[in-house]
Protein chains: 4
Amino acid sequence: MLMPMSHTVREKKKLLGRVRRIKGQVEAIERALSNEAGCEEVMHLIAGMRGATAGLMAEVVEDHVRTHLVDAGKHPGALNVDAADKLLDVVRTYLK
Amino acid sequence: MLMPMSHTVREKKKLLGRVRRIKGQVEAIERALSNEAGCEEVMHLIAGMRGATAGLMAEVVEDHVRTHLVDAGKHPGALNVDAADKLLDVVRTYLK
Amino acid sequence: MLMPMSHTVREKKKLLGRVRRIKGQVEAIERALSNEAGCEEVMHLIAGMRGATAGLMAEVVEDHVRTHLVDAGKHPGALNVDAADKLLDVVRTYLK
Amino acid sequence: MLMPMSHTVREKKKLLGRVRRIKGQVEAIERALSNEAGCEEVMHLIAGMRGATAGLMAEVVEDHVRTHLVDAGKHPGALNVDAADKLLDVVRTYLK
């Protein structure tokens with residue numbers, strides 16, 4: 001019988017997918033430098049990789065806020081979800 | 001009889017102090033532009049003001065995490081203080 | 001007879017306009033704190049002010065690159081305008 | 001006879017070294033996620049990788065400003081080195 005995939009496992013797959021895309025971006029920067037691509041291209045590739053890194057961090061921070069600030073097993077309903085959303089909105093504007 | 005100053009009131013005075021210093025920095029930028037100061041000076045003043053703004057945001061975010069993510073009256077001890085500290089460490093690296 | 005407004009004077013008016021709007025935003029933060037507005041509102045106002053500060057910095061940096069990196073009187077045509085544009089594109093992604 | 005290593009070749013080696021260290025950092029994040037390390041560790045590793053990426057970008061931007069904004073062959077001495085340094089100081093505060 002197939003078991004439903006747990007939240008954590010789904011989340012982990014998504015994060016690993018992001019990290020592997022970032023690794024591909026780093027390798028593209030390495031190739032561009034090796035092939036003596038112009039500064040413009042290299043700067044553009046680095047900016048793209050930085051954006052993807054910010055996206056990864058935003059997702060890990062979100063996970064952390066939603067699952068670790070309060071132990072939902074011991075304190076069900078204690079996390080103020082609206083206040084957490086407002087926090088994450090602010091954090092995301094800084095993570096861009 | 002003098003009452004001890006509450007946490008909130010102390011916090012508010014500190015935040016207002018920060019905001020007023022930022023206002024002074026904005027006025028210094030305004031004067032520098034009016035007096036046709038060099039770009040270098042203007043860029044330097046803006047960078048200083050931006051740093052002070054980041055410091056203000058860091059303090060408000062910290063307050064928000066410590067006091068609003070969990071209603072401590074209803075759910076005493078529910079906030080994982082160590083997890084909150086780790087979150088704030090990360091947020092501060094982005095708020096610089 | 002009316003003289004045409006010089007580039008510098010036009011530029012200065014535009015920058016002063018931006019700085020004055022930022023001062024208005026700082027005063028709104030001051031009022032929000034004085035009136036004990038919620039953290040959410042204060043964080044939102046600070047994020048807006050930070051964005052406006054980034055916009056001001058981007059404009060001053062652009063001016064600096066276009067007018068001071070090369071003395072166009074002594075070295076007409078020496079600035080590589082395309083390379084300068086590429087640089088400013090990158091700088092803007094970081095100034096957000 | 002050994003030829004002295006050109007500026008460009010030295011620079012390229014230095015940049016490639018930085019990119020390879022960043023690749024190592026990305027692989028450490030991948031391992032941490034695969035091994036179900038805590039959020040704190042993952043956030044810490046991402047913050048380190050982001051700092052290294054900012055350092056790489058700062059170096060490429062510096063190269064770009066010093067070597068491409070003015071064609072030194074055609075316009076020797078046209079780049080205002082002091083103005084370029086001031087610009088790079090500002091850019092570095094944003095690239096942290």
>> As a test question: what accessible area, to the nearest 10 Å², does D:Ser34 have when a 1.4 Å probe is rolled over all protein chains in place?
In response: 50
> So which GluC sites (Glu not before Pro) in chain C are both in a DSSP loop and have at most 16 other Cβ atoms within 10 Å of their Cβ?
Replying inline: C:Glu36
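If you wrap a convex hull around the alpha carbons of the range B:33-82, what volume per residue comes out, as a whole number of Å³? Provide the component values of the computation, followed by the final result.
Details: hull volume 3.7 nm³, N = 50.
It is 75 Å³ per residue.
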>> Can you tell me which of A:Arg31, A:Arg18, A:Arg66 moves the most in a GNM of chain A? Springs connect C-alpha atoms under 10 Å apart.
In response: A:Arg31
>> Could you give each residue of the range B:12-23 its phi-based ³J(HN,Hα) in whole Hz, using Karplus coefficients 6.51, -1.76, 1.60 with θ = phi - 60°, and x for Gly or Pro?
In response: 4, 4, 5, 5, 4, x, 4, 5, 5, 5, 5, 4
> Taking Rh as the Kirkwood radius computed over C-alpha pairs, what is the Stokes-Einstein D of the protein assembly as shown at 37 °C in a medium of viscosity 0.692 mPa s, expressed in µm² per second?
Replying inline: 140
>> I need the per residue convex hull volume for the range D:9-95, using only the alpha carbons, in cubic angstrom as a whole number.
In response: 85
> What ³J(HN,Hα) values, in whole Hz, does the Karplus curve 6.51 cos²θ - 1.76 cosθ + 1.60 give for the range D:87-93 when θ = phi - 60°, with x put for Gly and Pro?
Replying inline: 4, 5, 4, 5, 4, 4, 5
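The values are calculated or read from the model by the stated rules, or taken from the named source; none is laboratory data. For clarity, every value in this text was computed on a predicted model and none was experimentally measured. Note: ideal-geometry Cβ built from the backbone for every residue, glycine included; neighbour counts use all protein chains shown. Calculation scope for accessible area: heavy atoms of the full protein, side chains included, ligands and nucleic acids excluded. Shrake-Rupley method; radii C 1.70, N 1.55, O 1.52, S 1.80 Å.
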